[in-house]
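K.L.:
Following this message is one structure expressed as structure tokens.
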Amino acid sequence: MEDFSVVLGEISTRTLEVLQIAKHLQGLGPSLSGKKRKEAAQRLQQELEGIAVDVQEAELRAMTLEKDKEAAAHELQQLKQWHQEKGRYEECTTPAGGAAYRLKPDGPGEQSRHYLCATCFLNDKKAVLQPMPTREGCVMLRCHTCGSEVMWEKLRGFMDVYGPEWER
Ligand SMILES: [Zn+2]
């Protein structure tokens, strides 16, 4: 890919060479014997076929380059968008001490309250944490992209709520 200009240069050089040979032969034309003329014609044809193959390869490379360029432009655009999007979020700590990201309070257009997976966020991926069944008395959130689980909030059990009163 990176030697594309070299390939084009080679094709151009070879084309010039063939042209020069052709001109030379034209000049010699009448003085050449039938056999030599046939040989020269064959050589020219071989050269031209070689050039045709090179041109085809160069076209394929150009197409690949064009696709790569489009893909790179698309990737760049997505990165720019994500960079902008990233700036709208801030790190936060869940009531149970887990790490997540949420929209900054002054973010434009208050969206529904959702939390992003911190692991994915740091890997430049936007993944919304989803609720999952409580575990060991704790409300849990799960990232369906990387599988991370975040403790959201410890549920207050009967003893937490009524304990002191119960013991009185
Ligand atoms: Zn994740």
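K.L.:
Inspect all residues belonging to region 121-129 and state whether any of them is among the aromatic types (F, W, Y), in contact with a helix residue (DSSP H, G or I) (Cβ under 8 Å, 6 or more places away or on another chain) and either modelled with pLDDT of 95 or more or not in a loop (DSSP other than H, G, I, E, B) (or both).
P.N.:
yes
K.L.:
For region 42-72, how many residues are surrounded by 13 or more Cβ atoms within 10 Å (Cβ to Cβ) and within 17 Å of I21 (Cα to Cα)?
P.N.:
Residues that pass the stated criteria total 6.
K.L.:
In region 56-64, is there at least one residue being of a type in the set (G, A, S), within 30 Å of F4 (Cβ to Cβ) and modelled with pLDDT under 95?
P.N.:
Yes, because at least one residue in region 56-64 is of a type in the set (G, A, S), within 30 Å of F4 (Cβ to Cβ) and modelled with pLDDT under 95.
K.L.:
Could you please let me know if L103 is within 15 Å of the ligand (Cβ to nearest atom), assigned by TED's automatic domain parsing to the domain that holds T145 and aliphatic (A, V, I, L, M)?
P.N.:
It is false that L103 is within 15 Å of the ligand (Cβ to nearest atom), assigned by TED's automatic domain parsing to the domain that holds T145 and aliphatic (A, V, I, L, M).
The values are calculated or read from the model by the stated rules, or taken from the named source; none is laboratory data. All figures in this text were calculated on a predicted structure; none of them were measured in a lab. Here the Cβ is made from the backbone with ideal geometry for all residues, glycine too, and neighbour counts use every protein chain on show.
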